[in-house]
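Q: This is the structure I want to talk about, given as structure tokens.
The values are calculated or read from the model by the stated rules, or taken from the named source; none is laboratory data. All figures in this text were calculated on a predicted structure; none of them were measured in a lab. Here the Cβ positions follow ideal geometry from the backbone for every residue, glycine too, while neighbour counts run over all protein chains shown.
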Amino acid sequence: MRDLYEVLGVDRQANASDLKKAYYKLAKQFHPDHNPNDKAAEDKFKEASAAYQILSDDDQRARYDRFGFDGLRGSNGGGAGFSNVDDIFSAFGDLFGDFFGGRASGGRRQARGADLRLDLSLTFAEAVWGTTKEVNVTRDVGCATCKATGAAPGSKSESCGTCKGKGQVVHAQGFFMVQTTCPHCRGSGQQIKDPCTDCRGRGTRPETSTLSVSVPSGVDDGQTLRLAGKGEAIAGGAAGHLYVVLHVQGDERFKRDNEDVLTEIPVSFIKAALGGEIEIYTLEDSCNGTATVKLEPGTQPGDVLVRRGQGIPRVGEAGRGDQVIQFKVEIPKKLTTRQEELMRALAEELGENVKEKRGLFGRKKS
Ligand SMILES: [Zn+2]
Ligand SMILES: [Zn+2]
């Protein structure tokens, strides 16, 4: 692990405000919204967030300064890092709100549109090799007529008269002054004199559009893709995100275990005993590929052959898992007279007593 001060690019004397500034700078640079599908940026974002989480806590920082990472062991979340970015947003949501959403004037919090979720079905091959899918989404988008302002073209929205554009009103309650969201403009600080007729002043309109969803190779059932900014639009704020939940159909030829696939190949007991070549299914050619592999003489039921790097591609990374071929040795259920003769001859050669249909302890079977 890198030194936490080095991660944030500050010296050891940095005060709380220096740390915050340094973290904001990195978080903004590597923010997932600005770096979609960029694993390296996401890792930087996580690393900076973990460093900031520790150094912004006086107690944890003091222990880290004295004992390094050892000092953080066993403390609440210390040094644990973040496994996914949603944890970061829930830990530092307020900070992000202030920083990315906030405006320089007056500390008003910017609203964000609602997130949307939709389900997407994929075949096994589409999940393994990736695909692009068109989906229809009905959501609020910015009104083109008023450019999402809600004000009729040519007219302007004005500062709200009630709060003088601050979005907050202050009123006395007993001895105290209490600040609340302006009831007139609902916190936006703006009022519209002449609302846009197309969106009735909302600034957004529902619209059904076709979006292209790029599914990376190697995804698995139940995983979710996040399309930043493709959720509901909102006047005066950023759009929400669209979450696409993936449902992957199974394939009886390939049983998935993370990045590995297990393929069961039936093989006759004669072939298992003698060895030879055998044809198997592979993931190539959209999971319709075949290959010929060597079957060792004396192959036992359940024996496996591992084809390294022939499994499922890793999402967002180079490399693939393995394909594990498991041999299922099959015994014939019926024999012709000739086959039975040959088998009995073989049994004799092997010294097997198969002359009578005897069970254990010599008792005759019915
Ligand atoms: Zn409009
Ligand atoms: Zn107002």
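Q: Name the residues in region 177-231 that are away from ligand 2 (no atom under 16 Å from the Cβ), in contact with a strand residue (DSSP E or B) (Cβ under 6 Å, 6 or more places away or on another chain) and on the phi > 0 side of the Ramachandran plot, would you?
A: Of everything in region 177-231, just one residue is away from ligand 2 (no atom under 16 Å from the Cβ), in contact with a strand residue (DSSP E or B) (Cβ under 6 Å, 6 or more places away or on another chain) and on the phi > 0 side of the Ramachandran plot, namely Gly218.
Q: Report whether or not Glu264 is surrounded by 13 or more Cβ atoms within 10 Å (Cβ to Cβ) and at pLDDT 95 or above.
A: yes
Q: Answer yes or no as to whether Val215 is within 25 Å of Arg139 (Cβ to Cβ), touching a Lys or Arg at 6+ places or on another chain (Cβ under 7 Å) and surrounded by fewer than 16 Cβ atoms within 10 Å (Cβ to Cβ).
A: No.
Q: Just checking, which of Gly237, Gly174, Gly167, Gly142 is touching a Ser or Thr at 6+ places or on another chain (Cβ under 8 Å), modelled with pLDDT under 85 and either more than 16 Å from ligand 2 (Cβ to nearest atom) or of a type in the set (Gly, Ala, Ser) (or both)?
A: Gly167
Q: Which of (1) within 30 Å of Val245 (Cβ to Cβ); (2) within 16 Å of ligand 1 (Cβ to nearest atom) does Ser155 not meet, given it meets every other one?
A: Of (1) within 30 Å of Val245 (Cβ to Cβ); (2) within 16 Å of ligand 1 (Cβ to nearest atom), only one is false for Ser155: (1).
Q: Suppose we filter Arg205, Arg186 for residues that are under 21 Å from Asp115 (Cα atoms), among the basic types (Lys, Arg) and touching a residue at least 40 places away in the same chain (Cβ under 8 Å); which single one remains?
A: Step by step, each of Arg205, Arg186 is checked, and only Arg205 is under 21 Å from Asp115 (Cα atoms), among the basic types (Lys, Arg) and touching a residue at least 40 places away in the same chain (Cβ under 8 Å).
Q: If you scan region 228-245, which residues turn out to be among the hydrophobic types (A, V, I, L, M, F, W, C) and surrounded by fewer than 20 Cβ atoms within 10 Å (Cβ to Cβ)?
A: Within region 228-245, Ala228, Ala238, Val245 meet the criteria.
Q: I would also like to ask the following. Which pairs turn up if I take residues in region 59-72 that are free of Cβ contacts under 8 Å to residues at least 40 places away in the same chain and look for partners that are basic (Lys, Arg) with beta carbon separation below 7 Å, at least 6 apart in sequence or on another chain?
A: Gly71/Arg63; Leu72/Arg63
Q: Can you go through Gly167, Gly187, Gly174 and tell me which one is more than 30 Å from Val245 (Cα to Cα), touching a Lys or Arg at 6+ places or on another chain (Cβ under 6 Å) and more than 16 Å from ligand 1 (Cβ to nearest atom)?
A: The match here is Gly167.
Q: Is one or more of the residues making up region 110-118 surrounded by 15 or more Cβ atoms within 10 Å (Cβ to Cβ) and modelled with pLDDT under 65?
A: yes
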